[in-house]
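First the structure, in the form of structure tokens, and then the observations on it.
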Amino acid sequence: MKRGELYRVHQGDKSDPKNYRVFAIVSRQSLITTAFSSVVCAPVYTNFEGSLTQLAVGIEEGLKHESAIICDALMSIPKSLLTNYIGKLSVQKLQILNRCLIAALELEEII
């Protein structure tokens with residue numbers, strides 16, 4: 001399991017109309033490799049606006065449709081649910097993901 005990988009996760013949550021949702025792992029790698037039971041992920045949606053907090057992804061990353069990683073909707077997901085590997089981000093897309101996270105969390109002034 002690595003930062004930037006995409007996984008399809010079964011949602012038992014009735015608040016999401018989809019039974020499955022793809023998530024991108026955004027936690028730092030040092031956390032992912034620990035015994036901590038969950039990681040921070042960002043959901044992938046097919047409907048998106050192209051804002052600074054959204055990273056366009058698609059077939060190159062293993063998806064069926066053009067979509068976006070939505071960095072404004074981060075959530076903690078148990079590692080045990082991340083079993084259906086879809087694909088991964090390239091080094092270039094990981095760099096863009098970092099910028100999307102900085103924008104979503106308003107970290108530019110801190111860094």
Mind checking which of Tyr85, Tyr20, Tyr45 has the largest fluctuation in a GNM of the chain, springs on alpha carbons under 10 Å? Tyr20
Calculated on alpha-carbon atoms, Rg and Dmax of the chain in Å: 13.3, 38
Mind giving me the nanometre distance, one decimal, between the label points for Tyr45 and Met1, set 7 Å out from Cα along Cα→Cβ? 2.5
Hey, fewest Cβ within 10 Å first, where do Met1, Met75 land in order? Met75, Met1
Within the set of other residues whose C-beta is less than 15 Å from the C-beta of Ser27, count the net charge using Lys and Arg as +1 and Asp and Glu as -1. +4
With springs only between Cα atoms under 10 Å apart, run a GNM on the chain and tell me which of Ala73, Ala42, Ala24 wobbles the most. Ala73
Please report, in whole Å, how far the alpha carbons of the range 40-96 spread along each principal axis, starting with the longest. 31, 23, 22
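Would you mind ranking Ile59, Ile86, Ile25 by Cβ crowding within 10 Å, fewest neighbours first?
Values: Ile59 11, Ile86 17, Ile25 24.
Ordered from fewest to most neighbouring Cβ atoms within 10 Å, Ile59, Ile86, Ile25 come out as Ile59, Ile86, Ile25.
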Just from its helices, what would the mean residue ellipticity at 222 nm be for the chain, if runs of 4 or more DSSP H residues each count -39500 (n - 2.57) and the sum is divided by every residue, rounded to the nearest 500 deg cm²/dmol? -4500 deg cm²/dmol
Counting pairs of alpha carbon atoms under 8 Å apart in space and at least six apart in sequence, what relative contact order in percent does the chain give? 28
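Each value in this text was obtained by applying a stated rule to the coordinates, not by laboratory testing. If you're wondering where the values come from, they're calculated on a predicted model, not measured in any experiment. Quick reminder, even Gly has a Cβ in these numbers, built from the backbone with ideal geometry, and neighbours come from all protein chains shown.
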